[in-house]
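The values are calculated or read from the model by the stated rules, or taken from the named source; none is laboratory data. Remember, it's a predicted structure, so these values are computed and weren't measured experimentally. Cβ: placed from backbone, ideal geometry, glycine included. Neighbour counts: every protein chain shown. Quick note on the areas: whole protein, heavy atoms, side chains included, nothing else; ligands and nucleic acids left out. Shrake-Rupley method; radii C 1.70, N 1.55, O 1.52, S 1.80 Å.
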Amino acid sequence: PRLQARYLAGQLLGLVAHLAQERLLGPGLRGPLVVADSPRAHVLADYDAKNVYDYGSLSEAIAEAKQIMVRARVDGKILGPVDLRRLATPEGRKLAASRLKAGADLLVAQPPSYTRGVLREHVQTLRRSGMEDRVLPAVFPFHGADDILATARKFQWDPPAELLKIAKKGQAALNDEARSVVSSARRYRFPGVCVSTRGTPELAGMLLDS
């Protein structure tokens, strides 16, 4: 969705600007400000902002982030999202290709691979598109059924009924399934796995170390 893409653009530029700030900004200059999807341009007045402009697409934001990283000699990788639900369409493949061309090193699959069954479906989608080696499957550890439904509403995801059944057994069962997804993903040609920390880095470490 456009709202999510604009939010990600803001997050991406904000992170890169933070990493590059000390190398790019001279004396008397303050850090850049990124405002994501603000309907009120005057919100920037409080910051006495200069050179204010918007991005027409996430690809434009990725391209600028790449330029900032090169200029600042920041060693890192840029990840862009890819909607697997649209990847089967010419438009979806074109969008994914544009983000890679703009400078994204890899793409992160959305929605996440909720279960091993969903992961297998995602693998087939990526193989048909020829992008299996450019996409990281996403693993999103959930806390329970309410968390699943709230996250689905927020990001416009459609979690499978199987995941909600697992949630009835408790968070430990959800963690076990997420761990199984990580283990299964490593058997394919993916360049890696993207695990959301959900604010708890130790949980991501536990899943990746399995």
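Within segment 111-123, count every residue that is closer than 26 Å to ALA97 by Cβ and surrounded by fewer than 19 Cβ atoms within 10 Å (Cβ to Cβ).
Adding up the residues that qualify gives 2.
Of all residues in segment 170-196, which are basic (Lys, Arg) and buried (at least 16 other Cβ atoms within 10 Å of the Cβ)?
Result: ARG179, single match.
Just for segment 197-206: of the residues that are part of a helix (DSSP H, G or I) and of a type in the set (Gly, Ala, Ser), which one is surrounded by the most Cβ atoms within 10 Å (Cβ to Cβ)?
Top of the filtered list is ALA204.
Which one is modelled with the lowest pLDDT, of the residues in segment 125-169 that are over 17 Å from the mean Cα position of the chain (by Cα) and under 13 Å from ARG198 (Cβ atoms)?
Top of the filtered list is HIS143.
Scanning segment 170-210 for residues that are of a type in the set (Lys, Arg) and in contact with a helix residue (DSSP H, G or I) (Cβ under 9 Å, 6 or more places away or on another chain), which turns out modelled with the highest pLDDT?
Out of the qualifying residues, it is ARG179.
Kindly establish whether ALA167 is open to solvent by less than 20 Å² (accessible area, probe 1.4 Å) and over 30 Å from LYS101 (Cα atoms).
When the stated conditions are applied, ALA167 passes them.
Can you tell me which residue among ALA167, ALA145, ALA172, ALA152 is closer than 25 Å to THR89 by Cβ and not aromatic (Phe, Trp, Tyr)?
Answer to the check: ALA152.
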